[in-house]
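Presented below is the structure to which this report refers.
The values are calculated or read from the model by the stated rules, or taken from the named source; none is laboratory data. None of these values were measured; they are calculated from a predicted model. Methodologically, a virtual Cβ is constructed for each residue, glycine included, from the backbone with ideal geometry; neighbour enumeration extends over all protein chains shown.
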Amino acid sequence: MTTAPEVGRDRRRKEDARLITGRTNWTDNIQLPGMLYVAFLRSPMAHARIRNVDVSGVLGQDGVVAAYTGADLAAEQGSLPCAWPVTEDIVIPDHPPMAVDEVRYVGEAVACVVATDRYVAADMLELIEIDYEPLPPVLDMEAALAEGASLVHSDKGTNASFTWPFSAGDVDAAFGDDAVVVSRRYVQQRLIPAAMEPRSVVVAPEGDGYTMWSATQIPHVLRLMLAMVTGIAEHQLRVVAPDVGGGFGSKLQVTAEEVITLLLAKRLRKPVKWTEGRTEGIQTTHHGRDQIQKVALAADRDGRFRGLKIELLADMGAYLMLVTPGVPLLGAFMFPAIYKFDAYSFTCTGVFTTKMPTDAYRGAGRPEATYAIERLVDEMAVELRMDPMELRRRNWIKHEEFPYTTIATLTYDTGNYEAATEKALQLFGYDKLRAEQADRRERGDAVQLGIGISTFTEMCGLAPSRILGQLAYGAGGWESASVRMLPTGKVEVVTGSSAHGQGHETAWSQIAADQLGVPFEDVTVLHGDTRVSPKGMDTYGSRSLAVGGTALVQACDRVVDKAKRIAAHMLEASEEDIEFEGGTFRVRGTPEPATTIQEVALATFAAHDLPEGVEASLDSDATFDPENFSYPHGTHLCAAEVDTETGMVKLRSYVAVDDVGVVINPLIVEGQVHGGLAQGIAQALYEEAVYDSEGNLLTSTLADYLIPSAADLPEFVTDRTETPSTTNPLGVKGVGEAGTIASTPAVVNAVVDAIRQFGVNDVPMPCSPEHVWRAIQEAGGEPATTLGRGPGR
Amino acid sequence: MPRVRTTVDGVTYEGEVEARLLLTHYLRDRLGKVGTPIGCDTSNCGACTVLLDGMSVKSCTMLAVQADGSEITTIEGLDGQAAASANGEAAGHPVQKAFREFHALQCGYCTPGMIMAAVDLLRDNPDPSDTEIREGLEGNLCRCTGYVNIVRAVQSAAAELRGTPS
């Protein structure tokens, strides 16, 4: 039986049947007999010493089971982990899940109440008495590093957590007197990931151990870390990530609430549940971005790039969480992007402030890097009076130059920037839009048109364990897969990566179906439960397919190898003479005799007549550790209309041509691009976490923090080119973050391009009407007559 | 405590509730109708949208007592019959089927609310433009899809409900 390959098909998702009918298993759905609910009292102060906390008024109230302060749990709560100590002298403060002596951001947990009902638990928080001694908030990174600044952690003597430098080539020569240099200061505003499913955790004592259900991206990492933090033995912890409603990095974390809920279940010997409210989540689920970037690009007069200098301040927030300090490092290697340089220097200082800690948010370091370089290239084009696309063309790595080792020492495996750009320009109608732009400028139209380009690459497939070790990350970057052939020939695939919207159940079924020659419908994919999939590194960094998918291919290969021996025995032929295609084993060159993999599975189960020394099992495991990252790329083009009188930005069109290598399921890939674009555009135009001068988070509801709705976003035009990765046998690259990484600079470049003739060369993100209007006013409010002709000026 | 009588997805329930109990907690915690999720506490996200006497409401913004005497349809009862077969073959309401067909969901958390809001939108406007769909669903946030495929799905479902090919 030969059927069309599954890989490359627009399979409708297996996941959807339950998701569209409400037959889902979100963590907050779980109700267990005798279950208790916990509510947390949280600090209203950005920075304060805790003089006294008194929960005695709560105890004895109807429905109250227990109440604890941070001090009550101090002996067992441990310190929340940071797995990425990026330098040897990094300052890593203690991070008690519930504050004991001092609070360092608004929302930090200080006490908790456990009750029989979630409303009662919440009510009781008002009866807790707490006495704070205010300390000065630390809110501005640059001020925090100044002499005599108030300290977030007074015992550490500094607000600097670490400084991480990198340098290659002769930077001074690159920036010599004969160079054209463009220097800028960009601010990556703080963002709130805001997955639609709030965090939720349920812990049930079971026998000697505990089962935790959590809305997490990382059940495996979480189990290990919980064991290390609490001292509960790893084998007595089972962590389940049931249906998880989005993450975008925000659920790549080991949280205070997970640790405390576990400890409460341990103390009370009862199942305990905690589910965050949205405001609680916005305040206390880790934030993203928040960097100040001082950047400089040097080029020859003819536009050849020479050097790049990057100085970052990265806001850590009050503590270092799981990979907080590593996020800017993921960007450190990506500032040179798709371009060739003689020299590059990078330095990043992590800074403590009295705000919610930052950590991975979709793209994690790479959007920040891509933004800076793609904005700088546009500014350089203006400086050189060159078309911004032409400037890119002169400097990017040509398709025949791959594999190419960049100035940042990464080796890009494959790419074809020319092809993706060509396709994008055609879909976009670049020349026509440039003509319209010139016309609007000529007419002095109140609504100006801007064109933004982003030719980006990113690094996916996290990660070669060897490189993670060199970067001082606490774990490896492999992924595992198991394939179980059931007696009837149906297949269970177990993956260590843990989906939360990506569609693993569908895509992994497609891969296994092709590899094993079984129908797509005959495969079921299991994930997200440490008892079912004991080994895994989970889902983040656009790694699942490139790393986990490859592990699956290897496990399938091993199943086929085992089956081949048994098939040879069944067919009374030598193993070397057996070929396998479309699920059937046959003697090479002859149609008969033949046997299917399903028949082999049943014969293996029966085990009546197996070859000598062969086990009665086709099941196989594999662990794949990539040699290199994969490097998706693409060209994104944005046309934005800017009302120069109101500052309102309207996206007129958006074209994204992405090269993510081989595509398993085009429907899923397109969806990932769409969603990524929405989040990147949201950073460019809408979203910003705002703290006031006291350190209160002003944007603490979805009424104040502007997640775009359908009415705020345009239709997207997406297309692909396909340059297979050579890093893995599937040729896949990763797509989860591409849209987010590429789109922010495309949009801001378009906005700035639209109002460049006013003398504007930057608009701080988000490009809200206020920011755009102010940028025009501060530049004088009148279009300069010497500008405004020709593209890009 | 006040008594509340509701019919939810065709089944009638009656019992005492705290006056302050939100409709969404009544559905989820008391009746076990966990197909309707909660995404925020300020009526912004729309994940908890259900139909109350045929009109879409955000169930986190209503008290259970306000629903007394009402007929409620949740995502679990939208199809009126067993909504989807176990093997995932498309069954269900045209909007549900279209969401799957057009990949209008990823994590699926906003999906019940988005589908219920779309059903109400199409009841109100059986032949909407893309802009009318986008504006009509403005009260429902999705963080995964970028909405393009949601618009496509709603257009397709609209055509099917009108009985014209899309």
**OP:** Report, by residue number, each residue of region A:476-499 that is modelled with pLDDT of 95 or more and within 14 Å of chain B (Cβ to nearest Cβ).
**Re:** A:490
**OP:** Kindly provide the set of residues from region A:233-253 that are more than 10 Å from the chain's Cα centre (by Cα), closer than 15 Å to residue A:222 by Cβ and within 14 Å of chain B (Cβ to nearest Cβ), ordered by number.
**Re:** A:241, A:242, A:244
**OP:** Under 8 Å between Cβ atoms, at least 6 apart or on separate chains: pull out the pairs that start in region A:587-604 with a residue that is modelled with pLDDT under 90 and end on any residue that is aliphatic (A, V, I, L, M) and surrounded by 13 or more Cβ atoms within 10 Å (Cβ to Cβ).
**Re:** A:593/A:571; A:593/A:587
Original post:
Are there any pairs, at least 6 apart or on different chains, whose C-beta atoms fall under 6 Å, with the first in region B:70-95 and facing chain A (nearest Cβ under 8 Å) and the second at pLDDT 50 or above and assigned to a strand (DSSP E or B), and if so, which?
Top reply: B:74/B:50
Original post:
How many residues does region A:453-479 hold that are in contact with an Asp or Glu (Cβ under 6 Å, 6 or more places away or on another chain) and crowded, with 24+ Cβ neighbours inside 10 Å?
Top reply: 1
Subject >> Boolean, residue B:39 is buried (at least 20 other Cβ atoms within 10 Å of the Cβ) and under 24 Å from residue B:79 (Cβ atoms) >> reply: yes
Original post:
Does residue A:346 count as more than 30 Å from residue A:495 (Cα to Cα), assigned to a loop (DSSP other than H, G, I, E, B) and either at pLDDT 95 or above or within 14 Å of chain B (Cβ to nearest Cβ) (or both)?
Top reply: no
Original post:
Among the strands (runs of 3 or more DSSP E) confined wholly to region A:13-90, which include 1 or more residues that are out of contact with any helix residue (DSSP H, G or I) (no Cβ under 8 Å at 6 or more places or on another chain) and either of a type in the set (A, V, I, L, M) or within 14 Å of another protein chain (Cβ to nearest Cβ) (or both)?
Top reply: A:48-54
Original post:
Among (1) in contact with a Cys (Cβ under 7 Å, 6 or more places away or on another chain); (2) modelled with pLDDT under 95, which single condition is residue A:629 missing?
Top reply: (2)
**OP:** Sort out which residues of region A:474-518 are free of Cβ contacts under 8 Å to residues at least 40 places away in the same chain and not in a loop (DSSP other than H, G, I, E, B), and write them in order of number.
**Re:** A:491, A:492, A:494
Original post:
So residue B:124 clears everything in (1) surrounded by fewer than 24 Cβ atoms within 10 Å (Cβ to Cβ); (2) at the interface with chain A (Cβ under 8 Å from one of its Cβ atoms) except one condition, right? Which one?
Top reply: (2)
Original post:
Among A:145, A:127, A:59, A:73, which is the only one that is out of contact with any His (no Cβ under 8 Å at 6 or more places or on another chain), surrounded by fewer than 22 Cβ atoms within 10 Å (Cβ to Cβ) and free of Cβ contacts under 8 Å to residues at least 12 places away in the same chain?
Top reply: A:59
Subject >> Matching entry among B:60, B:48, B:107 (being facing another protein chain (nearest Cβ under 9 Å) and surrounded by 19 or more Cβ atoms within 10 Å (Cβ to Cβ)) >> reply: B:107
Original post:
Counting only residues that are assigned to a loop (DSSP other than H, G, I, E, B) and of a type in the set (A, V, I, L, M, F, W, C), which one in region A:100-123 is nearest to the other protein chains (Cβ to nearest Cβ)?
Top reply: A:106
Subject >> Residues satisfying the stated conditions in region A:1-12, i.e. in contact (Cβ under 8 Å) with a residue 60 or more places away in the chain and either outside any loop (DSSP other than H, G, I, E, B) or of a type in the set (A, V, I, L, M) (or both) >> reply: A:1, A:7
Original post:
Checking residue A:703 against (1) under 21 Å from residue A:546 (Cα atoms); (2) in a loop (DSSP other than H, G, I, E, B), which single condition isn't satisfied?
Top reply: (1)
Original post:
Does residue A:533 meet the test of being surrounded by 24 or more Cβ atoms within 10 Å (Cβ to Cβ), of a type outside the set (Val, Ile, Thr), touching a residue at least 12 places away in the same chain (Cβ under 8 Å) and in the same structural domain as residue A:549 (by TED's automatic domain parsing)?
Top reply: no
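Residue-wise test of (1) of a type in the set (Asp, Glu); (2) within 21 Å of residue A:390 (Cβ to Cβ); (3) at pLDDT below 95; (4) surrounded by fewer than 19 Cβ atoms within 10 Å (Cβ to Cβ).
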{"residue": "A:748", "(1), (2), (3), (4)": "no, yes, no, no"}
{"residue": "A:758", "(1), (2), (3), (4)": "no, no, no, no"}
{"residue": "A:764", "(1), (2), (3), (4)": "no, no, no, yes"}
{"residue": "A:777", "(1), (2), (3), (4)": "no, no, no, yes"}
{"residue": "A:780", "(1), (2), (3), (4)": "no, no, yes, yes"}
{"residue": "A:789", "(1), (2), (3), (4)": "no, yes, yes, yes"}
